[in-house]
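The values are calculated or read from the model by the stated rules, or taken from the named source; none is laboratory data. Fair warning: this is a prediction, and the values are worked out from it, not measured in the lab. Note that each Cβ is placed from the backbone with ideal geometry, even for glycine, and that neighbours are counted across all protein chains shown. Surface accessibility is based on the protein's heavy atoms, side chains included, excluding ligands, DNA and RNA. Shrake-Rupley method; radii C 1.70, N 1.55, O 1.52, S 1.80 Å.
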Amino acid sequence: MPKLSRYLGSRNETNVSLIDRNVPESGHGVPAIQSRKEIPRSEQEDREVRGRVDEDSRLADVLRKRVKDYGERQYRWDDGTMRSSRPPRNPYAVASRQSWRSLVRFCREHGGDREFEKKKESLRYGLSVSYGDHVEHLRGLGLAPETDDAGHFIDFDSNKTNPLQDKDHAFNSFYHSEAKYLFDM
């Protein structure tokens with residue numbers, strides 16, 4: 001794993017966006033994201049992409065074995081039931097992922113992703129590959145992308161970025177009196 005000081009140094013000294021080195025920052029230290037254009041591919045290139053997904057991905061092998069042994073994936077919903085459909089994304093988790101995206105990307109590019117180290121591309125995390133290839137790879141694994149083709153986080157709600165500021169959040173409605181007691185001690 002890379003050192004945090006190296007990440008902080010790269011942001012302070014060079015002020016370079018880690019998402020795309022040619023994209024200016026959009027303010028508040030958050031890298032601006034340009035739209036990822038689909039790159040037209042030939043049938044041969046399509047077969048190569050599918051081959052990389054099938055041959056190179058240990059996750060695909062694990063998924064196939066899990067489906068064979070246990071059946072299709074089930075998701076736990078907020079009410080505790082198990083369903084075959086995905087539950088809605090937690091808006092606070094989406095906001096947190098967006099706020100940490102540059103650090104996460106830095107770590108993946110500097111020692112945190114073995115596939116990226118070997119090939120200088122990662123289909124799983126969408127590093128140095130087209131958005132279409134990334135999405136195709138994730139769907140082959142039974143996963144969904146976090147961002148759309150423009151790089152915006154799916155289901156991001158700008159009103160739900162900090163759970164402590166949300167009056168309806170469990171912390172403020174259920175745990176607030178107990179937490180206030182602890183903080184006032």
*asked:* Take residues that are at pLDDT 90 or above and tell me which of the helices (runs of 4 or more DSSP H) falling wholly in segment 103-185 contain 1 or more.
replied: 131-140
*asked:* Pairs needed: first member in segment 131-146, at negative phi and among the hydrophobic types (A, V, I, L, M, F, W, C); second member anywhere, surrounded by fewer than 17 Cβ atoms within 10 Å (Cβ to Cβ) and assigned to a loop (DSSP other than H, G, I, E, B); C-beta distance under 6 Å; at least 6 residues apart or different chains.
replied: Val135/Pro145; Leu138/Pro145
*asked:* Step by step: first the residues of segment 68-97, then only those that are open to solvent by less than 80 Å² (accessible area, probe 1.4 Å) and in contact (Cβ under 8 Å) with a residue 60 or more places away in the chain, then the one that is farthest from Asn162 (Cα to Cα). Which residue is that?
replied: Arg73
*State whether one or more residues within segment 153-161 are open to solvent by less than 30 Å² (accessible area, probe 1.4 Å) and farther than 30 Å from Arg58 by Cβ.*
no
*asked:* One residue is enough: does segment 134-152 have a residue meeting the conditions closer than 21 Å to Tyr7 by Cβ and either open to solvent by less than 30 Å² (accessible area, probe 1.4 Å) or in contact with a Leu (Cβ under 8 Å, 6 or more places away or on another chain) (or both)?
replied: yes
*Could you tell me whether segment 68-83 includes any residue that is over 25 Å from Gly9 (Cα atoms), among the β-branched types (Val, Ile, Thr) and outside any helix (DSSP H, G or I)?*
yes
*Matching residues, segment 112-157, being under 26 Å from Ser85 (Cβ atoms), acidic (Asp, Glu) and more than 14 Å from the chain's Cα centre (by Cα)*: Asp133, Glu136, Asp157
